[in-house]
Amino acid sequence: MAKKVVVEGKVIGQHVLNITTKQIDVKAPEIAQSAVPGQFVNVQVSKRNSPLLRRPFGIASVNKETGIITMIYRILGDGTKILRDVCSGDEISIVGPLGKGFDLKAKKPLIVGGGLGLAPLLSLAEGMEGKKADVLMGGRCEDDMFWTDYFAPISNNVYVTTDDGSMGIKGTVMAVLPKLLAANKYDCVYVCGPEPMMKAVAAECMKQKIKCQVSLEKYMACGLGACLSCSCEGIGERIKVCTDGPVFWAEEVGEW
Ligand code: FES
């Protein structure tokens, strides 16, 4: 497993993606060098203000040449409100890379994501070792689907669903997935997003006998395996999402 480090990362810039979502690029060469797709970092957004706890963010993209890592985040609570106002040149403390990433052995992969779950899947699409994945993504409306600009250049086919039908097929990813799986010989499906979506995707993969990896999103206080805030039911034992995952084979997880 990649060695985790604590670094003071220099913020290179932030971009607004929609009214609640931003991209932040941080120079952190030690983390960029060893990160693999699906891992995450724990960011302490401010030493002066509360909240002092670190916040986990999936790594959305890594540039090993420049040493820049990219995170995409939704402005939701106090921590991300502080992060929203961080400027180019500021330094933020980052621990990483953390957790276990995706299995990259699939020959014909399908990536399925919803909402911010698409962030770690972007690093997967980038890191598929020469293969281009098909991607199925869902969101509430067209404004949420800035993700197509990220995935289209590095993917094979990109399929879009929106709840209101403003872009792509109207409905959730489940409006498309069963037929897509039946019509293609995918050997692995990678999924991250809201829990109901991940469960539905995992169940459909099981039905069609296709391997499935899930990237679980849980509240994480420490990110280091010490506090148990991220534990959930595995098969026969409790598992910690931060250290045993966040990526699991679907059959490894009982309740999540
Ligand atoms: Fe503390 Fe996982 S976040 S044990």
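The values are calculated or read from the model by the stated rules, or taken from the named source; none is laboratory data. In this text the structure is predicted, and so the values were computed from the model without any measurement. Note that we place each Cβ from the backbone using ideal geometry, even for glycine, and neighbour counts take in every protein chain shown. Accessible surface areas use protein heavy atoms only, side chains included; no ligands, DNA or RNA. Shrake-Rupley method; radii C 1.70, N 1.55, O 1.52, S 1.80 Å.
I'd like the full set of residues that are within 24 Å of Leu181 (Cβ to Cβ), within 18 Å of the chain's Cα centre (by Cα), outside any loop (DSSP other than H, G, I, E, B) and of a type outside the set (S, T, N, Q), limited to segment 202-252.
Passing the criteria: Ala202, Cys212, Val214, Pro246, Val247, Phe248, Trp249, Ala250.
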The correct count of residues that are in a strand (DSSP E or B) and out of contact with any Gly (no Cβ under 6 Å at 6 or more places or on another chain) in segment 162-198 is 6
Arg238: passes all of (1) in contact with a strand residue (DSSP E or B) (Cβ under 9 Å, 6 or more places away or on another chain); (2) within 16 Å of the ligand (Cβ to nearest atom); (3) open to solvent by less than 70 Å² (accessible area, probe 1.4 Å) but (3)
State all residues of segment 110-127 that are of a type outside the set (Gly, Ala, Ser), under 25 Å from Pro178 (Cβ atoms) and surrounded by fewer than 24 Cβ atoms within 10 Å (Cβ to Cβ); if no residue qualifies, say none.
Leu116
Would you list the strands (runs of 3 or more DSSP E) that sit entirely within segment 6-124 and hold 2 or more residues that are in contact with a Ser or Thr (Cβ under 7 Å, 6 or more places away or on another chain), within 30 Å of Asn156 (Cα to Cα) and at pLDDT 95 or above?
21-27, 61-63, 68-74
Look at segment 1-43 and say how many of its residues are open to solvent by 20 Å² or more (accessible area, probe 1.4 Å) and more than 23 Å from Cys192 (Cβ to Cβ).
10
